[in-house]
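Student: Structure in structure tokens, see below.
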Amino acid sequence: MRKVTDFISEPTARDIYEREFANDTTAFAEWNASFLNSKKDSLEVELPYVETGSFTQNLIRTHSYNLELNKGRIFYAEILTDSIAQRVFLDFYRISNDSTQNLKSIKSNEEGERYLSQSIDETGRYKLIVQPEIDASTNYSLRIYSQPEFGFPVSGRDNTAIQSFWGAVRDGGKRSHEGVDIFADRGTPVLAVTDGRISSTGNRGLGGKQVWQRNGLMGSSLYYAHLDSILVKTGQKVQLGDTLGLVGNTGNARTTKPHLHFGIYQGYRGAIDPLPFIQKTEIPVYAEKSPDFEEGRVEVRSSLANLRSQPSIEGTKLGEAKRNEVLTVFGQTDKWVLVQNQDGLKAYIHQSLIQSPKTSG
């Protein structure tokens with residue numbers, strides 16, 4: 001139910017949904033309490049992450065995931081459900097890096113949308129909360145991933161061509177590498193990684209033949225160095241994918257194989273690691289729902305099973321479950337199952353440690 005003032009206040013899908021419960025505060029209170037409690041969950045996932053499962057009627061559940069994200073990435077969370085009529089709410093937060101671990105709201109999905117995306121402007125820890133509407137009953141497939149903010153700066157190359165990284169020692173330890181080196185044949189086109197304007201070009205210093213690009217009025221300075229030739233002029237506007245020059249080994253790269261040195265500089269902050277801005281990653285495919293544990297509950301088959309913070313044996317141990325203990329299934333990812341015990345603890349357990357509940361008979 002939208003209001004005229006919504007065009008000014010821009011409420012989230014969750015805000016609009018709350019209006020439907022003006023006369024049924026009990027149902028909404030329980031649902032909202034689940035959401036608030038999920039902010040305290042300590043589950044950790046690494047991207048890309050894919051999960052499948054079922055939302056079950058009369059069972060209120062909220063999924064929460066903590067993740068690390070780097071400046072220069074674009075974050076994506078997308079969910080598919082069997083029923084397009086049922087709503088799912090996505091809320092994205094920044095976790096403060098102090099002892100309070102407070103959450104700062106970054107973005108929520110809009111009404112009718114099953115996705116959200118957000119450019120990451122600060123490296124750190126973030127939290128995604130996923131919650132279906134009350135009494136939702138549908139299978140789902142969730143995927144969470146990130147993509148680089150910029151394009152790749154060397155035509156026809158990918159991550160494997162990056163052979164020298166940020167921070168590598170230079171000049172016997174006198175300085176460190178303020179960029180990445182992307183190796184390619186001499187004459188390979190060097191491409192603009194984003195739209196912008198050429199702020200300067202020239203043949204000077206350690207970088208030899210070089211191009212500097214300004215990314216927006218208050219944006220970063222992008223540095224393309226060791227070029228064999230320069231094909232743009234100062235003041236020229238360029239778009240993503242335009243050819244700026246050709247790969248070479250000018251400047252202090254004369255004794256190395258042809259490559260592009262690519263760097264990013266942000267005003268008084270100086271150079272920053274450019275890798276997250278250009279590193280290509282695959283977009284994961286939605287997974288089909290596994291037939292395992294479709295009934296929504298499992299029991300522990302081993303004498304003792306560890307409950308972990310992430311779907312890996314590297315995950316922090318959050319607790320234990322004993323033989324025949326029944327756990328509620330939230331979802332599955334690869335060989336791990338996201339469960340909740342009777343105390344409300346959410347954790348991952350390896351599927352080899354659980355089985356479908358035994359039936360009496």
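The values are calculated or read from the model by the stated rules, or taken from the named source; none is laboratory data. Owing to the predicted nature of the structure, the values given are computational and were not obtained by experimental measurement. No Cβ is skipped: glycine too gets one built from the backbone with ideal geometry, and neighbour counts run over all protein chains shown. Just the protein is used for accessible areas: all its heavy atoms, side chains included, with ligands, DNA and RNA removed. Shrake-Rupley method; radii C 1.70, N 1.55, O 1.52, S 1.80 Å.
Student: Given the criteria modelled with pLDDT of 95 or more and either open to solvent by 20 Å² or more (accessible area, probe 1.4 Å) or more than 13 Å from Gly245 (Cα to Cα) (or both), does Arg197 qualify? Break it down stepwise before answering.
Tutor: Values: modelled with pLDDT of 95 or more: yes; either open to solvent by 20 Å² or more (accessible area, probe 1.4 Å) or more than 13 Å from Gly245 (Cα to Cα) (or both): yes.
Spelling it out, Arg197 is indeed modelled with pLDDT of 95 or more and either open to solvent by 20 Å² or more (accessible area, probe 1.4 Å) or more than 13 Å from Gly245 (Cα to Cα) (or both).
The rows are residues; the columns are (1) within 26 Å of the chain's Cα centre (by Cα); (2) more than 28 Å from Lys289 (Cβ to Cβ).
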site: Pro11; (1), (2): yes, yes
site: Phe28; (1), (2): no, yes
site: Ser42; (1), (2): yes, no
site: Gln57; (1), (2): no, no
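Student: Using the structure shown, decide if Ala33 is without any contact (Cβ under 8 Å) to a residue 40 or more places away in the chain and exposed (fewer than 12 other Cβ atoms within 10 Å of the Cβ). Working first, answer last.
Tutor: Working: without any contact (Cβ under 8 Å) to a residue 40 or more places away in the chain: yes; exposed (fewer than 12 other Cβ atoms within 10 Å of the Cβ): no.
No.
Student: What are the residues in region 81-92 that are in contact (Cβ under 8 Å) with a residue 40 or more places away in the chain and either hydrophobic (A, V, I, L, M, F, W, C) or assigned to a strand (DSSP E or B) (or both), if any? Before the answer, list the steps.
Tutor: Going residue by residue through region 81-92, those that are in contact (Cβ under 8 Å) with a residue 40 or more places away in the chain are 81-83, 86-91.
Those that are in contact (Cβ under 8 Å) with a residue 40 or more places away in the chain and either hydrophobic (A, V, I, L, M, F, W, C) or assigned to a strand (DSSP E or B) (or both): Thr81, Val88, Phe89, Leu90, Asp91.
Student: Within region 86-99, which residues are surrounded by 15 or more Cβ atoms within 10 Å (Cβ to Cβ), under 24 Å from Pro274 (Cα atoms) and of a type in the set (S, T, N, Q)?
Tutor: Hits for region 86-99: nothing passes.
Student: Tell me which residues, restricted to region 305-361, are among the β-branched types (Val, Ile, Thr) and either touching a residue at least 60 places away in the same chain (Cβ under 8 Å) or over 23 Å from Leu47 (Cα atoms) (or both). It would help to see each step written out before you state the result.
Tutor: Here is the first cut: in region 305-361, the ones among the β-branched types (Val, Ile, Thr) are 313, 316, 326, 328-329, 333, 337, 339, 349, 354, 359.
Across region 305-361, the qualifying residues are Thr316, Val326, Thr328, Val329, Thr333, Ile354, Thr359.
Student: Another question, then. Filter region 205-222 for residues that are open to solvent by 30 Å² or more (accessible area, probe 1.4 Å) and in contact (Cβ under 8 Å) with a residue 12 or more places away in the chain; which is farthest from His259 (Cα to Cα)? Steps first, please.
Tutor: We begin by selecting, within region 205-222, every residue open to solvent by 30 Å² or more (accessible area, probe 1.4 Å); these are 205-206, 209, 212, 214-218.
Retained after the next criterion (residues that are in contact (Cβ under 8 Å) with a residue 12 or more places away in the chain): 205-206, 209, 212, 214-216.
Values: Gly205: 16, Leu206: 14, Lys209: 12, Trp212: 17, Arg214: 22, Asn215: 22, Gly216: 26 Å.
Among those that are open to solvent by 30 Å² or more (accessible area, probe 1.4 Å) and in contact (Cβ under 8 Å) with a residue 12 or more places away in the chain, it is Gly216.
Student: Given the criteria open to solvent by less than 60 Å² (accessible area, probe 1.4 Å), modelled with pLDDT of 95 or more and more than 21 Å from Ala184 (Cβ to Cβ), does Val300 qualify? First the steps, then the outcome.
Tutor: Numbers: open to solvent by less than 60 Å² (accessible area, probe 1.4 Å): yes; modelled with pLDDT of 95 or more: yes; more than 21 Å from Ala184 (Cβ to Cβ): yes.
It is true that Val300 is open to solvent by less than 60 Å² (accessible area, probe 1.4 Å), modelled with pLDDT of 95 or more and more than 21 Å from Ala184 (Cβ to Cβ).
Student: Restricting to region 13-26, name every residue that is assigned to a helix (DSSP H, G or I), without any contact (Cβ under 8 Å) to a residue 40 or more places away in the chain and either more than 26 Å from the chain's Cα centre (by Cα) or crowded, with 17+ Cβ neighbours inside 10 Å (or both).
Tutor: Glu18, Arg19, Glu20, Phe21, Thr25, Thr26 - these are the residues of region 13-26 that are assigned to a helix (DSSP H, G or I), without any contact (Cβ under 8 Å) to a residue 40 or more places away in the chain and either more than 26 Å from the chain's Cα centre (by Cα) or crowded, with 17+ Cβ neighbours inside 10 Å (or both).
Student: Still on this structure, please answer the following. Only one residue in Ser108, Ser119, Ser146 is hydroxyl-bearing (Ser, Thr, Tyr), touching a helix residue (DSSP H, G or I) at 6+ places or on another chain (Cβ under 7 Å) and under 22 Å from Lys71 (Cβ atoms). Which one? Talk me through it step by step, then tell me what you get.
Tutor: Numbers: Ser119 fails: touching a helix residue (DSSP H, G or I) at 6+ places or on another chain (Cβ under 7 Å); Ser146 fails: touching a helix residue (DSSP H, G or I) at 6+ places or on another chain (Cβ under 7 Å).
Answer to the check: Ser108.
Student: Take region 100-136 and flag every residue that is loosely packed, with under 15 Cβ neighbours inside 10 Å, more than 14 Å from Glu78 (Cα to Cα) and either without any contact (Cβ under 8 Å) to a residue 40 or more places away in the chain or among the hydroxyl-bearing types (Ser, Thr, Tyr) (or both).
Tutor: The answer is Thr100, Gln101, Asn102, Lys104, Ser105, Ser119.
Student: In region 110-153, what residues are assigned to a loop (DSSP other than H, G, I, E, B) and closer than 24 Å to Gly219 by Cα?
Tutor: Pass one, region 110-153, residues assigned to a loop (DSSP other than H, G, I, E, B): 110-114, 120-123, 133-137, 149-153.
The answer is Ile120, Asp121, Glu122, Thr123, Glu149, Phe150, Gly151, Phe152, Pro153.
Student: Yes or no: Tyr348 in contact with a strand residue (DSSP E or B) (Cβ under 9 Å, 6 or more places away or on another chain) and aromatic (Phe, Trp, Tyr)?
Tutor: Details: in contact with a strand residue (DSSP E or B) (Cβ under 9 Å, 6 or more places away or on another chain): yes; aromatic (Phe, Trp, Tyr): yes.
It is true that Tyr348 is in contact with a strand residue (DSSP E or B) (Cβ under 9 Å, 6 or more places away or on another chain) and aromatic (Phe, Trp, Tyr).
Student: Anything in region 304-361 that is small (Gly, Ala, Ser), part of a strand (DSSP E or B) and modelled with pLDDT under 95? List them, or say none.
Tutor: Selection gives Gly331 alone.
Student: Of the conditions (1) surrounded by 18 or more Cβ atoms within 10 Å (Cβ to Cβ); (2) under 23 Å from the mean Cα position of the chain (by Cα); (3) in a loop (DSSP other than H, G, I, E, B); (4) not charged (D, E, K, R), Pro284 fails just one. Which one is it?
Tutor: All conditions are met except number (1).
Student: Also, quick follow-up: Which residues, taken from region 36-80, are assigned to a helix (DSSP H, G or I) and either at positive phi or open to solvent by 10 Å² or more (accessible area, probe 1.4 Å) (or both)? Working first, answer last.
Tutor: Going through region 36-80, the residues assigned to a helix (DSSP H, G or I) turn out to be 36-38.
Answer for region 36-80, where residues must be assigned to a helix (DSSP H, G or I) and either at positive phi or open to solvent by 10 Å² or more (accessible area, probe 1.4 Å) (or both): Leu36, Asn37.
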